[in-house]
Amino acid sequence: MKTHQDPRHLKRIQAMQDLFAWEFNPQKANEGTAGQIIQNLAQIDEEIKKAAPTWPIDKINKIDLSILRLAIFELIIVSDTPYKVTVDEAVELAKEFGTEASPGFINGALGNIISVHGLDKKTS
């Protein structure tokens with residue numbers, strides 16, 4: 001059973017926090033997962049634009065944006081984690097760090113991405 005002390009959960013929290021900090025200090029050198037996400041930012045942000053077309057990137061809450069970027073990186077670029085796990089983790093992060101509306105927004109945007117990419121139809 002997953003706990004809040006699970007090393008993978010803690011890694012995701014750190015990556016989300018690094019991405020959030022990067023929003024305010026883009027000159028900061030990034031390593032690890034956040035650095036990889038930043039290297040793929042154009043592709044990831046394009047996915048966000050398609051998944052949440054009524055929300056321009058610069059209008060999305062910075063925490064929500066960081067969580068979305070991390071989840072999309074896991075879903076589309078790395079794709080070594082089952083999509084249900086990625087969505088569950090993203091929604092948990094949104095509950096823990098976001099606003100009251102964050103979990104629904106994150107879930108909806110990721111649901112669109114999963115549908116568009118047919119991730120729910122792929123078998124392991």
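Only aspartates and glutamates eight or more places from residue 28 in sequence, or on another chain, were considered; those with a Cα closer than 15 Å are 18. Rounded to two decimals, the Cα-based Rg/Rh of the chain, with Kirkwood Rh, is 0.93. Between 13, 67, 77, the residue with the greatest mean-square fluctuation in the GNM of the chain (Cα pairs under 10 Å linked by springs) is 77.
Placing unit charges on C-beta atoms (Lys and Arg positive, Asp and Glu negative, everything else neutral), compute the dipole magnitude of the chain about its Cα centre in debye, rounded to 20.
160
A Gaussian network model of the chain, with springs between Cα atoms under 10 Å, assigns the largest mean-square fluctuation among 11, 28, 62 to 28.
The stretch between residue 107 and residue 11 holds 32.5 nm of extra length on full extension. This uses 0.36 nm per residue minus the Cα-Cα distance. As a ratio to 2.2 N^0.38 Å, the alpha-carbon radius of gyration computed for the stretch 59-124 takes the value 1.05.
State, as an integer percentage, the relative contact order of the chain based on alpha-carbon contacts under 8 Å between residues 6 or more apart. If you can, show how the numbers build up before the last one.
Working: 97 pairs, mean separation 27.7, N = 124.
Computed over the chain, the figure is 22 percent.
So what is the calculated 222 nm ellipticity per residue for the chain, using -39500 (n - 2.57) for each DSSP H run with n of 4 or more, over all residues, to the nearest 500 deg cm²/dmol? Spell out each step's value before the answer.
Details: 6 runs with 79 residues, N = 124.
It lands at -20500 deg cm²/dmol.
Note on residue 84 and residue 57: the model spin-label points, each 7 Å out from Cα along the C-beta direction, lie 3.2 nm apart.
Coordinate-derived values only; no laboratory data. Please read all numbers here as calculations on a predicted model, not as lab measurements. Cβ atoms come from the backbone with ideal geometry, glycine included; neighbour counts cover every protein chain shown.
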